[in-house]
1. How big is the accessible area of LYS69 in square angstrom, nearest 10, if you roll a 1.4 angstrom probe over the protein chains?
2. Accessible area of VAL121, 1.4 Å probe, to the nearest 10 Å²?
3. Can you give the FRET efficiency to the nearest 0.05 for TYR134 and CYS303, using r as the Cβ-Cβ distance and R₀ = 22 Å?
4. Can you figure out the FRET efficiency of LYS72 with GLU107, using R₀ = 25 Å and their beta-carbon distance, to the nearest 0.05?
5. Which length gain, in nm to one decimal place, applies between GLU63 and MET122 when the Cα-Cα distance is subtracted from 0.36 nm times their residue separation?
6. Let me cross-check CYS119: its accessible surface, 1.4 Å probe, with only protein heavy atoms counted, in Å² to the nearest 10?
7. Show me the ranking of peptides 99-106, 288-295 by mean Cβ neighbours inside 10 Å, starting with the highest.
8. List the GluC sites (Glu not before Pro) in the stretch 54-114 that DSSP assigns to loop (not H, G, I, E or B) and whose Cβ has at most 13 other Cβ atoms within 10 Å. Which are they?
Amino acid sequence: TYTCDELDGGQTDETNNDMQVDESNTEPTVVRHDLHRKLVCNIQGGSDASSQTNITHIMEGIELSLNGKVEKRSEVLGRDAIWTRRQRISKLPKILAVQFGRFYWKETPDSQDHAGVKCKVMKPVAFNGILDVYDFCSDRVQAVLKKARDEALAREEDRIAKKLKGEEQTESTETDDKNKMDIDETKGNEEEDEDLKAALAMSLQENDNGNEKEAIINPDEQVFIGHELPNDFQGKYELFAVVTHKGRDADGGHYMGWVKAENQSQSNNNSSSNDEKKLRKIADTDEDNDDWFVFDDDEVSPCSTEDVLKLKGGGDWHMSYLNFYRAKK
């Protein structure tokens, strides 16, 4: 059995905090492992009020939140200094939560009480039905994900080549090949693992003295990147639930839940024709227009992926505050 910290809510995304002093080249880099229960989408444009970064998409906001500046003591300088922080995910969760930084505290130095005020960021920040976290991962995790991606790409290219030659295999034959491939993998084909070993070998990092190297992981050992992830996981998560907030007041407004209906893939894959499958796509996109339900207190209504992707903000309508993703099979 596993604890919630190991499975749900993005709770296994331990990060590598690589911090280095901007003012000193002799200060050793500090690497720290933290446990996070969510990823944050920074939509204000930076960690300080002077930043002018314009965030329009969830990927930009997450990247911004994983990097930045922090003030802490420098032993070399003997005082507080500004450090550059870079975080990367070193363990992936089965369920990943992303919180949009919609609410913040604004200082009011010119007011009578100087108490400040709670504010809400109304700007639109778009998101998709699939969240790819590959770029947010450590080199060690990326090496594992890249192997799975390369194998999937090779299978797809092979399938397309056979189809162009009129030699497309039947679904049952493909299933047999997949089962055979799984058996071969369990036997440990050394040639298949060569790419992974080479990638992991590149993750050797030099110590600050430049003389020694510290191996992050032994390429001959099985690489663990998270609990109960799908086989051949490629680092992609599918959106399955959203919590929205409507209103301009951080202390008020109305919250609603949006949940994806089950058995979507099966119903879509069983479509009788290509035209029928195209009808399940959102216009001019590759997004599947799946069935969802919206929960407004005790009222439940049907909706679709197209409706959910409109919850990006930019007005007085409901806007996403929490997005929940699950590892894509």
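1. The accessible area of LYS69 comes to roughly 120 Å².
2. Spelled out: VAL121, probe radius 1.4 Å, area about 20 Å².
3. Values: r = 30 Å, r/R0 = 1.34.
Plugging the Cβ-Cβ distance into 1/(1 + (r/R0)^6) gives 0.15.
4. Numbers: r = 22 Å, r/R0 = 0.89.
After rounding to 0.05, the efficiency reads 0.65.
5. Numbers: separation 59, 0.36 × 59 = 21.24 nm, distance 2.00 nm.
Gain in length upon complete extension: 19.2 nm.
6. We get 30 Å² for CYS119.
7. Values: 99-106: 16.0, 288-295: 17.8.
Highest-to-lowest ranking by the protection proxy: 288-295, 99-106.
8. On the way: sites: GLU60, GLU63, GLU71, GLU75, GLU107; in loops: GLU75, GLU107.
Those satisfying the criteria are GLU75, GLU107.
The values are calculated or read from the model by the stated rules, or taken from the named source; none is laboratory data. Note that this is a predicted model, so its numbers are computed, not measured. For neighbour counting, all protein chains shown are included, and Cβ atoms are generated from backbone atoms with ideal geometry for every residue, glycine included. The accessibility values were calculated without ligands, DNA or RNA, using every heavy atom of the protein model including side chains. Shrake-Rupley method; radii C 1.70, N 1.55, O 1.52, S 1.80 Å.
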